[in-house]
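Enquirer: One structure is given below, represented as structure tokens, and several questions about it will come after.
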Amino acid sequence: MYRLTALIAAAVLVAALPAAAQPRTAFPEKRGHQLSDFPRVIKLAENVYGYEEIRNPGFTTVSLFVVGTDGVLIADGQGSPAATQTMLDHIRKITPLPVKWYVVGSDHGDHTAGNSVLPKDITYIVHPVSKAQMERDAANPNRNPNAPPVVIPPTAMTGDREVLNVGGIEVQVLFLGRGHTAGDLHVLLPKERILFMSEAFLNRVFPAMRSAYPSEWVAMLDKALALPVDRFVPGHGFIEEAKASREELVEFQQALRAVIAEATRLHKAGLPPDEARAKANWGPYAEWFLADSQDIIAIRKVYDELDGKLQ
């Protein structure tokens with residue numbers, strides 16, 4: 001009887017122990033994933049899905065799609081026609097409804113280069129600055145002739161907020177300020193309390209600043225964190241559960257602050273960017289995905305901001 005009681009107590013204790021925490025990282029292998037696990041669809045709420053695809057150099061590009069009663073909305077595509085077609089094929093497994101709306105969360109090619117396979121009559125929602133950037137990209141004389149065509153949306157938003165009725169689901173497209181680009185758009189589902197942030201939120205990815213406005217990005221994240229949202233969905237890195245997603249967004253904002261502070265210190269020391277890179281101390285963020293390639297870009301962008309070169 002004592003042995004049986006002890007075994008029951010041990011079983012109860014094991015059942016009460018929390019499950020092993022999911023590692024907080026953008027490296028797939030460190031989270032226990034293989035490349036063959038992707039792409040994958042993650043249900044976020046009823047009729048709301050995240051889509052994670054792996055691209056070189058081995059981290060995710062994340063899209064969102066919402067299934068209404070009469071059609072589907074996509075927020076951000078993938079980085080090639082083939083990758084975006086694969087996403088459309090996965091959506092087709094969930095619903096036969098047509099894809100009717102597309103939100104350009106980021107105008108960068110790793111999110112838009114596959115747009116040529118989208119339905120020709122799709123309705124685009126894009127910030128005017130992003131639309132202008134896509135026009136410049138299409139007209140660039142140095143553009144790789146073998147690159148996928150740049151699909152330029154015919155119209156752009158006229159304000160900072162557009163509300164869509166996606167077959168009975170309210171979707172708000174928001175411009176909260178400049179950050180990763182000058183035209184970052186967010187997709188808010190107020191009932192579901194979900195915010196898709198595109199590249200304004202890079203989960204455990206070193207802040208990528210090629211087109212960024214560093215200090216404005218920090219301020220924009222304050223606005224996102226103040227929204228009535230439970231789950232924040234990144235444009236790169238992994239989709240987290242609700243509590244972890246807020247924690248990771250706060251951590252990403254701290255990473256931005258840390259990078260800006262360190263680059264500012266090096267700028268005050270009078271170091272040119274290449275020398276600054278050699279002396280930079282990124283603390284824990286040196287271990288984040290892409291730190292070894294994005295650090296010099298971040299230094300140069302913070303220097304530009306400090307020198308008044310950002311318009």
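The values are calculated or read from the model by the stated rules, or taken from the named source; none is laboratory data. In this text the structure is predicted, and so the values were computed from the model without any measurement. Cβ atoms come from the backbone with ideal geometry, glycine included; neighbour counts cover every protein chain shown.
Enquirer: Could you identify the single residue in Ile42, Ile74 that is buried (at least 19 other Cβ atoms within 10 Å of the Cβ) and aliphatic (A, V, I, L, M)?
Expert: Details: Ile42 fails: buried (at least 19 other Cβ atoms within 10 Å of the Cβ).
Only one candidate passes the filter, namely Ile74.
Enquirer: Okay, next question. Of all the residues that make up the stretch 29-49, how many are among the small types (Gly, Ala, Ser) and either modelled with pLDDT under 95 or in a loop (DSSP other than H, G, I, E, B) (or both)?
Expert: 2
Enquirer: Search the stretch 275-290 for residues that are closer than 11 Å to Ala255 by Cβ and pair each with any residue that is in a helix (DSSP H, G or I) and among the polar types (S, T, N, Q) when their beta-carbon atoms are under 7 Å apart and the residues are at least 6 apart or on different chains.
Expert: As it stands, the answer is none, since no pair meets every condition given.
Enquirer: For the structure I just gave you, tell me whether Asp70 is on the phi > 0 side of the Ramachandran plot, among the acidic types (Asp, Glu) and in contact (Cβ under 8 Å) with a residue 60 or more places away in the chain.
Expert: Values: on the phi > 0 side of the Ramachandran plot: no; among the acidic types (Asp, Glu): yes; in contact (Cβ under 8 Å) with a residue 60 or more places away in the chain: yes.
When the stated conditions are applied, Asp70 does not pass them.
Enquirer: Just for the stretch 264-311: of the residues that are under 18 Å from Tyr213 (Cβ atoms) and among the small types (Gly, Ala, Ser), which one is surrounded by the most Cβ atoms within 10 Å (Cβ to Cβ)?
Expert: Among them, the one singled out is Ala298.
Enquirer: In the stretch 240-263, what count of residues is obtained for those that are surrounded by 20 or more Cβ atoms within 10 Å (Cβ to Cβ) and among the charged types (D, E, K, R)?
Expert: Total satisfying the criteria: 3.
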